[in-house]
Ligand code: 4FV
């Protein structure tokens with residue numbers, strides 16, 4: 001899978017992509033991520049990427065030309081234009097389902113906004129606009145990194161044990177079950193005995209019940225769309241009766 005990320009802060013993006021699961025996946029060649037400095041696509045000696053807003057008002061707006069030149073260069077280099085994504089608060093709210101859908105594409109291009117945002121005409125070359133949440137950040141780089149990280153986890157081999165991706169929270173639309181590791185007891189708090197039992201059937205049932213109970217308590221709306229099997233539906237009914 002190929003990612004092109006267009007930003008005025010390439011070092012910030014490269015730093016985040018140089019570590020952890022995604023960093024290793026890039027080293028292993030499972031992913032190709034090229035970070036492109038938007039200023040390399042400017043033509044004036046000040047390498048300007050922003051300008052004053054028509055109609056006045058605070059802040060600056062990102063210019064069209066450097067962004068279009070960057071998209072042209074990517075298309076020329078890759079031979080495909082890719083799926084162009086703009087991260088902005090006006091986009092569709094990102095979630096695991098959207099991550100899974102995007103992971104089916106071969107080539108994603110992520111445009112990172114800054115300042116007040118991009119000139120509206122940039123959207124004529126944007127396929128999808130994505131928001132990571134209803135708050136305003138100072139730039140689109142962090143959202144772009146969220147998208148790269150979440151999508152990359154669907155690429156076979158990126159996450160050591162593909163099983164854990166399948167069990168990732170939200171993959172099945174539920175919140176995750178509690179996790180424990182050594183020490184077995186600390187401050188009088190013991191790890192639940194079932195997890196020490198070695199009985200994998202009991203452990204699996206306990207984890208399912210915990211996921212359902214936590215989802216019912218914290219995010220009940222997720223249960224409307226979660227893909228539950230018969231056993232989970234039985235557990236959920238019991239939890240709801242007890243609630
Ligand atoms: C954002 C978000 C976000 C808005 C203006 C960048 C900033 C600045 N992007 N989800 N929330 N972007 O706040 O995606 O250009």
inquiry  = What's the total number of residues in segment 223-243 that are part of a loop (DSSP other than H, G, I, E, B) and more than 17 Å from residue 173 (Cβ to Cβ)?
reply    = 1
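Go through segment 119-222 and tell me which helices (runs of 4 or more DSSP H), entirely inside it, have 3 or more residues that are in contact with a helix residue (DSSP H, G or I) (Cβ under 8 Å, 6 or more places away or on another chain), within 16 Å of the ligand (Cβ to nearest atom) and closer than 30 Å to residue 84 by Cβ.
Values: elements: 141-152, 162-167, 200-218.
Of the helices (runs of 4 or more DSSP H) lying wholly inside segment 119-222, those with at least 3 residues that are in contact with a helix residue (DSSP H, G or I) (Cβ under 8 Å, 6 or more places away or on another chain), within 16 Å of the ligand (Cβ to nearest atom) and closer than 30 Å to residue 84 by Cβ span 141-152.
Looking only at segment 82-104, count how many residues are surrounded by 15 or more Cβ atoms within 10 Å (Cβ to Cβ), part of a loop (DSSP other than H, G, I, E, B) and free of Cβ contacts under 8 Å to residues at least 60 places away in the same chain.
The first filter runs over segment 82-104 and keeps only residues surrounded by 15 or more Cβ atoms within 10 Å (Cβ to Cβ), leaving 82-89, 91, 94, 96, 98-100, 102-103.
Among the residues that remain, those that are also part of a loop (DSSP other than H, G, I, E, B) are: 82, 94, 103.
If we keep only those that are free of Cβ contacts under 8 Å to residues at least 60 places away in the same chain too, we end up with 94.
Residues in segment 82-104 being surrounded by 15 or more Cβ atoms within 10 Å (Cβ to Cβ), part of a loop (DSSP other than H, G, I, E, B) and free of Cβ contacts under 8 Å to residues at least 60 places away in the same chain: 1 in total.
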remark   = Subset of segment 65-76, residues more than 15 Å from the ligand (Cβ to nearest atom) and touching a residue at least 12 places away in the same chain (Cβ under 8 Å), comes to 65, 68, 69, 70, 71, 73, 74
request  = Give segment 79-111 a look and list any residue that's near the ligand (Cβ under 8 Å from one of its atoms) and within 14 Å of the chain's Cα centre (by Cα), or say none.
outcome  = 87, 88, 91, 94
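Only one of 27, 14, 116, 32 is within 14 Å of the ligand (Cβ to nearest atom) and either in contact with a strand residue (DSSP E or B) (Cβ under 6 Å, 6 or more places away or on another chain) or farther than 22 Å from residue 127 by Cβ (or both); which? It would help to see each step written out before you state the result.
Numbers: 27 fails: within 14 Å of the ligand (Cβ to nearest atom); 14 fails: within 14 Å of the ligand (Cβ to nearest atom); 32 fails: within 14 Å of the ligand (Cβ to nearest atom).
After applying the criteria, what remains is 116.
Computed from the coordinates by the stated procedures, all read-outs in this text should not be read as laboratory data. Worth saying up front: this structure is predicted, and the values here are computed from it rather than measured. All Cβ positions, glycine included, derive from the backbone under ideal geometry; neighbour counts span all protein chains shown.
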